[in-house]
Structures are given as structure tokens and as C-alpha cells.
Amino acid sequence: MKIAVCMKRTPDSESRFKIAASSTAIDETGLKFDMDDFAGYAVEAALQLNEKAGGGETVVYAVGPDNVQETLRKAMSMGVDRAVHLKADAVPVDGIAVAKALAAELKTGGYDLILFGKHAFDSSAGVVGTATAELLGLPCITAASQLSVDGGTGSARRELEGAAEILSFPLPAVVTIDEGVARPRYPSLKGIMAAKKKPMETKPAQLGSARVTIQKMELPPERPAGRIIGEGSAAVPELVKLLQNEAKVL
Amino acid sequence: MANVLVFAETRNGEIRKVALEAVTAARKLADATGGGEVHAVLAGPPGIGEKAPLLGTYGADVVLVSESADFARFARESLAATMAERARSGGYRAVVLGFSAQGRDLGPRVAARLDAPIATDVIDLSAAGDTITVKHPAYANKVIMTLAISGSPVVISVRPSAFTAVQAPKAARVDTLVPVAAQGATVTVVDVKEGAKGRPDLGEASIIVSGGRGLKAPENFKLVEALADAFGNAAVGATRAVTDDGWRPHSDQIGQTGRQVSPDLYVALGISGAIQHLAGMRTSRTIVAINKDKEAPIFKVADYGIVGDVIEILPVLTAAVKAAREGH
């Protein structure tokens with residue numbers, strides 16, 4: 001199968017964040033950036049699908065400045081065949097603007113399957129994948145928790161609140177990947193060496209106009225410091241009293 | 001005048017809570033953009049139109065009933081086409097949806113079809129002049145973004161429970177909206193597997209009781225279930241460690257890569273409070289934690305912490321909660 005994976009480079013999600021002096025961005029000092037978690041699941045899913053199919057081509061795409069090449073290279077060290085860097089000074093927070101750039105690029109790619117993470121950690125919006133599918137006129141599963149392909153037909157599971165949909169769809173299609181589909185592999189030393197020789201194409205991203213912009217970023221209000229009310233079962237009556245009289249949730 | 005179109009989500013023939021919250025958010029937006037009307041699309045299987053008055057109770061001026069056998073399940077392409085077509089022909093200022101499983105799929109579809117800007121998972125909104133401004137938690141709830149959206153219409157999806165559905169009774173006018181069929185290749189819903197009956201969804205529950213590795217074994221989750229029963233209508237969640245080990249289904253996972261929740265009460269049982277987990281529940285109104293390690297990070301965010309063996313404390317707590325509720 002010919003599979004494309006669109007990925008984003010995001011800061012390590014376990015970091016402590018500070019707001020930059022501009023107050024419209026995070027302070028990137030000291031942050032580690034890597035492939036977004038959900039993009040990692042998508043890359044792994046693509047590799048496994050093609051391994052199971054006994055061949056094919058896997059291509060990664062990313063929009064952003066030159067540093068996204070490092071992340072694209074990492075995907076190739078995991079086993080992806082080649083990369084396309086859609087160059088832009090920054091990734092707009094406007095998901096439709098990004099989807100336009102990707103759709104313009106992907107429409108002539110001849111892909112059987114186009115995968116995305118269900119959302120990226122930084123913008124946490126979940127727009128780009130599904131919007132790209134619409135712009136391409138392809139069937140789309142948003143946030144699949146299971147995915148398989150048999151011939152020209154895909155099957156997926158998607159979690160609803162308290163239930164799950166079992167879905168079937170014809171290829172070509174777009175699927176955005178939730179956790180649970182595949183745990184990403186670590187690049188092997190051989191993979192890292194091989195990735196250095198794999199092709200990386202760079203071209204300007206044809207972004208749509210940005211109609212959503214960041215006006216301000218702030219940290220959420222701190223929770224008041226925690227309070228330990230007691231030890232063991234003996235503390236239960238006090239807890240119940242507080243839940244009734246103070247928190248008023250009982 | 002600026003009218004706002006709302007997607008009033010249904011499932012199994014019932015209007016969902018998130019739909020009423022979306023109506024409330026839409027009312028707020030309509031008032032902020034000049035006091036227009038709120039028009040709610042009530043799409044579902046034949047007969048769903050009977051539910052229309054409920055949307056009026058929560059402030060919809062017009063209910064557009066769109067009945068189709070296909071809408072018994074989540075017919076994503078046809079729903080998106082129906083919403084987009086109505087948004088276009090009705091000249092709306094905005095389309096509002098819930099950021100639920102349905103809404104997170106439909107929102108980008110409708111935006112792409114309308115070539116409209118979209119903001120998702122919104123917790124507050126306002127308008128000034130031609131710009132709509134929203135607040136959106138990003139970086140797994142660690143940062144709050146204020147986003148300015150220009151252009152018209154705009155698509156906005158609201159985080160479940162962020163807007164409290166408020167009654168604003170109106171005798172809503174009811175109209176028929178003809179469903180628009182999907183074009184081209186589509187996704188087929190082969191089956192819908194319903195989860196355990198009788199418990200609310202994690203995103204909608206006002207009380208969540210959640211367990212971690214400190215429970216020591218999967219069978220001890222029945223103690224967690226018992227506490228949830230004692231609270232009445234509580235949902236049961238779990239940490240990533242527990243879902244990764246297969247003690248609980250992945251869909252129960254609360255955390256950065258799982259569900260992000262903010263109930264009135266969150267009870268963390270045998271949960272140490274890894275950053276990954278805190279990102280999913282730190283916005284809960286009241287947090288209770290029971291853990292044997294008094295240095296566990298969960299105690300830094302817990303309003304009420306008890307240090308001790310959760311297996312031993314749980315039955316005592318369950319009995320005390322039951323007694324307290326029966327005493328009311």
C-alpha cells in the first residue's frame with residue numbers, strides 16, 4: 001500500500017511550561033521537541049500495515065520550519081521510506097489553513113491511506129486530519145482506536161462516550177489515530193544509519209490564510225495546595241463531613 | 001442580525017446533555033453578536049422531532065427537525081452535508097457543536113465544507129465587532145489559549161461540561177430540514193457496541209471514581225465500582241498504567257492521552273498522580289485522593305487526602321458515603 005503520514009513536531013508533553021514574554025507563545029527555552037505522541041502512533045500503524053501487506057511505500061509529511069526535518073528523519077529511522085517537508089515559518093494555529101497546504105500536496109500523491117494523529121499535543125484541536133479528508137473528498141475516520149486493512153477495504157473501531165462504533169470504509173481514505181492502535185517502535189541503530197540516506201524533499205507550504213490567531217496564552221489558575229486530612233480508615237468520617245459541608249458534593 | 005446554528009446531538013433517540021450545553025453556548029454567542037436567534041438542528045431517526053420542545057426549554061428559538069433512518073447511527077457525511085448546507089443557505093454567523101465524539105468529527109468537516117475558520121474544545125467565548133474570541137485549553141490543559149477568529153461564519157465546538165445548560169424557556173418554532181445525502185465514498189457503521197449500562201460517560205458524570213495501580217489487582221476494581229454505586233450516578237475511570245495492563249478498557253483511561261475530565265468530584269484511589277494522569281483531571285472542582293505514599297504527587301492537587309491502604313479504606317468509605325446519602 002502507499003501510505004502517507006502527516007505529523008507534527010511538538011514539545012515533550014511532560015515538560016513544565018512557561019509563557020514567553022510575547023504572551024502569545026510558550027517559552028521554548030530548555031524544552032525538548034520530538035514527534036507528537038499521536039503522530040508516533042500513526043507512523044507505527046502505517047509501518048505495521050505495510051509490513052503485514054508485505055510491502056508498499058510509507059511517506060511522512062510535516063509543515064513547519066527547518067527543525068521539523070529532524071522529526072521527519074526520525075520517522076525514516078523507524079522505517080518510513082521518504083519524507084516531504086512543507087516549509088513554513090511556523091505552523092499556524094488555524095487548522096483549516098494547514099489542511100489546505102496538506103490537501104494541495106496530497107491530492108496528487110496517489111495514496112491508499114493517509115494517516116494523522118487524532119490531534120497534536122500543543123494545539124490540542126484535532127482539526128487538520130478530518131478537514132484534510134474533506135478537502136480531498138475522501139472518507140474519514142476521526143480518532144480510530146483500532147485499524148486494519150484487507151484488500152481495498154478498511155475496518156476501524158472508534159470510541160463514543162460509553163460505546164464504540166465498528167466501521168468499514170473503502171480505500172483511499174483518511175484515518176486519524178487514537179492511542180491504542182500501535183505503540184511506536186524505537187529506531188534501531190541500523191534504521192538511524194539508513195535514514196541518513198533516505199530522500200527528504202523540501203518545498204514551500206501553500207498555507208491558507210490564517211483566520212484563527214493566538215491573542216494570548218496563559219497558565220491555568222493554580223489549584224490551592226493539597227491537604228492531607230488524616231490516615232487510614234479513621235479519616236473517613238472527616239472526609240465525608242467535608243464532602244457534605246465544605247465541597248457540597250454529597 | 002446574527003443567528004447561530006447549533007448541532008443538537010442525539011444518540012439512541014435522545015437529546016444528549018452536550019447538545020443542551022451547546023444551545024446555551026450558542027445563546028451566549030448570539031447575544032454577544034447582536035441578539036440573533038438560536039436555531040438548533042435536531043437530527044435523528046424518524047420520531048426524533050417529538051423531542052424538539054426540550055431544545056426550546058433551553059433557549060432555542062427554532063428547532064430544525066431532520067429525520068432520516070440513517071441518523072439512527074452517526075451518519076457523519078450526511079450530517080456534515082446537512083449542517084453545512086443549512087449553515088450556507090441560512091446565512092448564520094456561527095455553527096456551534098459539542099466537542100464530543102460526534103462533534104470532534106463533524107466540526108472540522110463542516111468548517112472545511114464552508115471554508116470557515118474553526119475553534120474546537122472551547123471553554124468560554126465572547127465577541128467584539130467582527131471578531132469572536134474563545135478560550136481553548138491546549139498543551140493537555142497546561143496552557144489556556146485565547147484565540148481570535150475572524151470571518152463569517154465560524155465553527156465552534158464547546159467542551160462538555162464547560163457550559164452549564166441553562167433553562168431559558170421558549171416556545172420554539174419547529175421546522176423541517178430535509179437531510180442532505182452524502183456524496184461519494186462513505187464510512188459504513190457496521191455495528192455499535194454499547195458499553196456497560198447504568199453508568200454515565202466520563203465526560204458527562206458529575207462524580208468520577210478512578211483507580212490506579214495501588215489497587216494491586218484487577219479484581220479489586222469491584223471495590224471502586226461499589227464506591228461509584230454508593231455515590232449514585234458516578235462514572236468509573238482508570239489510569240494509563242491500569243489500562244495498559246488490561247485491567248480496564250482503554251476507553252476508561254483518564255489522562256493526557258486519554259479522556260480529559262472536570263467533574264464536580266474526582267476520587268483518585270491508589271493513584272500516584274503522574275503528570276500524564278494529572279493532565280486529565282486537574283481541572284476537577286474537588287479532588288479526593290487515597291494513597292499509601294504520603295509523598296505521592298496526587299496529594300499536591302487533592303483538596304482532601306487520606307494516607308493509607310486503599311483496599312482497607314474503600315469498604316469503610318463506601319459504607320460511609322451510602323449512609324450519608326441515605327441520611328438526606
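The values are calculated or read from the model by the stated rules, or taken from the named source; none is laboratory data. Keep in mind that this is a model prediction, so the values were computed, not measured. All Cβ positions, glycine included, derive from the backbone under ideal geometry; neighbour counts span all protein chains shown. Heads up: the accessible areas ignore ligands, DNA and RNA and are worked out on the full protein's heavy atoms, side chains in. Shrake-Rupley method; radii C 1.70, N 1.55, O 1.52, S 1.80 Å.
Data overview
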{"item": "Tally of residues being under 22 Å from B:ASP244 (Cα atoms) and surrounded by fewer than 19 Cβ atoms within 10 Å (Cβ to Cβ) across the range B:200-220", "result": "6"}
{"item": "Selected residue (criterion: farthest from the other protein chains (Cβ to nearest Cβ)) from residues of the range A:126-142 that are in a loop (DSSP other than H, G, I, E, B) and at negative phi", "result": "A:LEU138"}
{"item": "Any hit, the range B:30-38, residues being under 17 Å from B:ALA162 (Cβ atoms) and either open to solvent by 10 Å² or more (accessible area, probe 1.4 Å) or not in a helix (DSSP H, G or I) (or both)", "result": "yes"}
{"item": "Qualifying positions in the range B:149-174 - under 19 Å from B:PHE99 (Cβ atoms), touching a strand residue (DSSP E or B) at 6+ places or on another chain (Cβ under 8 Å) and among the hydrophobic types (A, V, I, L, M, F, W, C)", "result": "B:ILE149, B:VAL154, B:VAL155, B:ILE156, B:VAL158, B:ALA162"}
{"item": "Breaking point among (1) more than 7 Å from chain B (Cβ to nearest Cβ); (2) open to solvent by 50 Å² or more (accessible area, probe 1.4 Å); (3) over 22 Å from the mean Cα position of the chain (by Cα), for A:ALA194", "result": "(2)"}
{"item": "Checklist (1) surrounded by fewer than 18 Cβ atoms within 10 Å (Cβ to Cβ); (2) at the interface with chain B (Cβ under 7 Å from one of its Cβ atoms); (3) touching a strand residue (DSSP E or B) at 6+ places or on another chain (Cβ under 6 Å) applied to A:SER155, failing item", "result": "(2)"}
{"item": "Contacts under 6 angstrom Cβ, first residue in the range A:99-121 being within 13 Å of chain B (Cβ to nearest Cβ) and without any contact (Cβ under 8 Å) to a residue 60 or more places away in the chain, partner open to solvent by less than 30 Å² (accessible area, probe 1.4 Å) and not in a loop (DSSP other than H, G, I, E, B), 6 or more apart", "result": "A:ALA103/A:THR132"}
{"item": "When residues of the range A:73-92 are limited to those that are small (Gly, Ala, Ser) and touching a helix residue (DSSP H, G or I) at 6+ places or on another chain (Cβ under 6 Å), the one most open to solvent (accessible area, probe 1.4 Å)", "result": "A:GLY79"}
{"item": "Those residues of the range B:60-75 which are surrounded by fewer than 24 Cβ atoms within 10 Å (Cβ to Cβ) and either under 21 Å from the mean Cα position of the chain (by Cα) or assigned to a loop (DSSP other than H, G, I, E, B) (or both), in sequence order", "result": "B:ASP61, B:SER68, B:PHE71, B:ALA72, B:ARG73, B:PHE74, B:ALA75"}
{"item": "Filtered residue count, the range B:274-298, keeping only those that are farther than 24 Å from B:VAL143 by Cβ and either surrounded by 21 or more Cβ atoms within 10 Å (Cβ to Cβ) or facing chain A (nearest Cβ under 8 Å) (or both)", "result": "6"}
{"item": "Members of the range A:197-219 found to be within 13 Å of chain B (Cβ to nearest Cβ) and exposed (fewer than 13 other Cβ atoms within 10 Å of the Cβ), listed by number", "result": "A:SER209, A:GLU218"}
{"item": "All positions within the range B:134-164 that are surrounded by 23 or more Cβ atoms within 10 Å (Cβ to Cβ) and of a type in the set (S, T, N, Q)", "result": "B:SER157"}
{"item": "Residue check for B:ASP61: modelled with pLDDT under 95, assigned by TED's automatic domain parsing to the domain that holds B:VAL134 and acidic (Asp, Glu)", "result": "no"}
{"item": "Pair list, Cβ < 6 Å and 6+ apart or interchain, from the range B:173-194 residues that are more than 7 Å from chain A (Cβ to nearest Cβ) and within 19 Å of B:VAL110 (Cβ to Cβ) to residues that are of a type outside the set (Lys, Arg) and in a strand (DSSP E or B)", "result": "B:LEU177/B:LEU64; B:LEU177/B:SER66; B:PRO179/B:SER66"}
{"item": "Residue list for the range B:136-195, filter: among the polar types (S, T, N, Q) and either closer than 17 Å to B:LEU5 by Cα or not assigned by TED's automatic domain parsing to the domain that holds B:SER126 (or both)", "result": "B:SER152, B:SER157, B:THR176, B:GLN183, B:THR186, B:THR188"}
{"item": "Filter result (surrounded by 19 or more Cβ atoms within 10 Å (Cβ to Cβ), farther than 14 Å from B:ALA116 by Cα and of a type in the set (D, E, K, R)) within the range A:93-111", "result": "A:GLU105"}
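To keep it simple, each residue is scored yes or no on (1) over 30 Å from B:ALA84 (Cα atoms); (2) within 8 Å of another protein chain (Cβ to nearest Cβ); (3) under 23 Å from the mean Cα position of the chain (by Cα); (4) in contact (Cβ under 8 Å) with a residue 60 or more places away in the chain.
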{"position": "B:PRO200", "(1), (2), (3), (4)": "yes, yes, yes, no"}
{"position": "B:GLU204", "(1), (2), (3), (4)": "no, yes, yes, yes"}
{"position": "B:ILE208", "(1), (2), (3), (4)": "yes, no, yes, yes"}
{"position": "B:GLY214", "(1), (2), (3), (4)": "yes, no, no, yes"}
{"position": "B:ALA217", "(1), (2), (3), (4)": "yes, no, no, no"}
{"position": "B:GLU225", "(1), (2), (3), (4)": "yes, no, yes, no"}
{"position": "B:ALA230", "(1), (2), (3), (4)": "yes, no, no, yes"}
